[in-house]
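Scroll down for the structure; my scribbles are underneath it.
The values are calculated or read from the model by the stated rules, or taken from the named source; none is laboratory data. Quick caveat: nothing in here was measured; it's all calculated off a predicted structure. Because the Cβ atoms are built from the backbone with ideal geometry, glycine has one as well, and the counts that use them run over all protein chains shown. Ligands, DNA and RNA are stripped out before the accessible areas are found, and what is left, the full protein with its side chains, is counted by its heavy atoms. Shrake-Rupley method; radii C 1.70, N 1.55, O 1.52, S 1.80 Å.
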Amino acid sequence: MIQESKAPVGTISVKNKPVKRYDDLGQNIDLTTVESFGEEWNAFHQFDDAEIKKIGDTYFDIVTPAMLGQDKIAADFGCGTGRWSKYMHDKVGAVAAIDPSDAVLAAGHLLQDIPNVHLYKASIDNLPFENNYFDFGFSLGVLHHIPDTAKAMEACVEKIKPGGHFLVYLYYKLDNRGKLYRFLFSLSDLVRRVVSKMPAWLKKFTCNVMAVFFYMPFILLSRLLKVFGVSKKIRSKIPLHVYENNSFYIIRNDALDRFGTPLEQRFSKAEIQQMMEKAGLGDIVFSNQSPFWHAVGKKR
Ligand SMILES: C[S@@+](CC[C@H](N)C(=O)[O-])C[C@H]1O[C@@H](n2cnc3c(N)ncnc32)[C@H](O)[C@@H]1O
């Protein structure tokens, strides 16, 4: 069981799974971005177990068995549809999956048959748990969508016990990429600034079109080179190579995620290291595999 530090203002039942609601979301939150995620995740929430495992393994590659266990309680800060809580549920005793957007209702569907994942509609800026409570925390693709990323990381780490671990994935500043890659990115970012302001239906339509005409050409090139035996080292230089083995569903979802979100920030490896240290983490390990950057640290 998971012990909350304050009572919820209400409970929403999704497929008989309670979602505890905390309406005071604090100040460090971008409500337009959160609303946009609610729309996104209600459009994309059907992840099959094989795909969750395949992608999950790339995020959790630097998490060792010693960090987990049935005697441990974990927190998924910014769970979205709860796919990583699903990935994690059999590796720990219980998971608190937390998200302020309506995505958490989609998580209720995905996690309906998993009793040890508990759902909270709440914000990182006002977490309903005591400090030093969790053994393991993770926040994947979330904190760069929060206005003060460093402060949000501190709020998560505050909830981890000394000796516990925190895994984070933040969008990278392309610090390990060449000039052409960065140029293509700056063009795509201009597109994001326009697309993210569109109404939900037009945004979804535009991102589907972009998945076909922008994502797929790079991904197909990467797949083709793979067929011809070109090494992964060379293929990884192609933009969007990371999607080489992903389904079109995931690609469409990520196109909407990438281009539909109003607030996103990017960080270099050095900035993330500094931010993690300031939040109270040590023994920091970065993965040298994509998605960049993801790192795990131990609470001092
Ligand atoms: C890109 S999604 C990632 C979801 C999930 N971690 C995943 O990878 O599937 C970002 C999530 O961050 C959530 N988010 C944004 N601001 C937040 C805040 N202040 N507290 C908690 N979650 C937040 C959004 O609602 C959204 O579901």
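DSSP loop GluC sites (Glu not before Pro) in segment 102-209 with at most 14 other Cβ atoms within 10 Å of their Cβ, which ones?
GLU130
Heavy atoms only, probe 1.4 Å: what % of the accessible area of segment 179-259 goes to carbon and sulfur, would you let me know?
73
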Report task. Would you calculate the separation in nanometres between label points at ALA7 and LYS151, each defined as 7 Å from the Cα along the Cα-to-beta-carbon direction? Result -> 3.0
Report summary line: A correct Karplus calculation of ³J(HN,Hα) over segment 2-11, with 6.51 cos²θ - 1.76 cosθ + 1.60, θ = phi - 60°, whole Hz and x for Gly and Pro, returns 10, 9, 8, 8, 9, 7, x, 7, x, 9
Report task. Could you calculate, for segment 179-259, the ratio of the Cα radius of gyration to the Kirkwood radius, expressed as Rg to Rh? Result -> 1.01
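Pick out, in residue order, every one of the chymotrypsin sites (Phe, Trp or Tyr not before Pro) in segment 204-300 that is DSSP loop and has at most 16 other C-beta atoms within 10 Å; say none if there are none.
Sparse-neighbourhood loop chymotrypsin sites (Phe, Trp or Tyr not before Pro): PHE228.
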Requested in this report: Output the pairs from LYS53/LYS86; LYS159/LYS278; LYS173/LYS269; LYS17/LYS121; LYS15/LYS53 with a Cα-Cα distance over 18 Å in this structure; if there are none, say none.
Outcome: LYS15/LYS53
Report summary line: Counting every C-alpha pair in the chain, the percent lying more than 33 Å apart is 20
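Please give the per residue accessible area of segment 179-259, computed with a probe of 1.4 Å over protein heavy atoms only, in Å². Spell out each step's value before the answer.
Details: 4790 Å² over 81 residues.
Dividing the accessible area of segment 179-259 by its residue count gives 59 Å².
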Report task. Sum up the charges of everything whose Cβ sits under 13 Å from the Cβ of GLN3, counting Lys and Arg as +1 and Asp and Glu as -1, but leave GLN3 out. Result -> +1
Query raised in the report: Taking amide hydrogens as modeled 1.01 Å from N in the peptide plane, which residues meet the under 5 Å criterion relative to VAL117, leaving out close sequence neighbours?
Result: VAL95
Query raised in the report: Which trypsin sites (Lys or Arg not before Pro) in segment 190-220 pass both tests, a DSSP loop state and at most 15 other beta-carbon atoms within 10 Å?
Result: LYS197
Report summary line: For segment 90-162, dividing by residue count, accessible area per residue (probe 1.4 Å) in Å² works out to 29
**Report entry** Full-extension gain in nm, ASP49 to ARG235, via 0.36 nm per residue minus C-alpha separation
**Finding:** 64.3 nm
Requested in this report: Report the FRET efficiency, 1/(1 + (r/R0)^6), for VAL227 and LYS269, where r is their Cβ-Cβ distance and R0 is 41 Å, rounded to 0.05.
Outcome: 0.80
Query raised in the report: Given the Cα-Cα distance of PHE205 and VAL285 and 0.36 nm per residue of separation, how much length would full extension add, in nm?
Result: 24.9 nm
Query - Beta bridges by DSSP in the chain, antiparallel share as percent, to the nearest 5 - result: 40
Report task. Multiply the residue separation of PHE218 and ARG300 by 0.36 nm, subtract the distance between their alpha-carbon atoms, and state the gained length in nm to one decimal. Result -> 25.3 nm
Report task. May I ask you to list the residues of segment 138-179 whose amide nitrogen lies under 19 Å from a point 7 Å from Cα along the Cα→beta-carbon direction of THR58? Result -> 139-144, 167-178
Query raised in the report: Ignoring ligands, DNA and RNA, what percent of the 1.4 Å accessible area of segment 122-163 is carbon and sulfur?
Result: 43
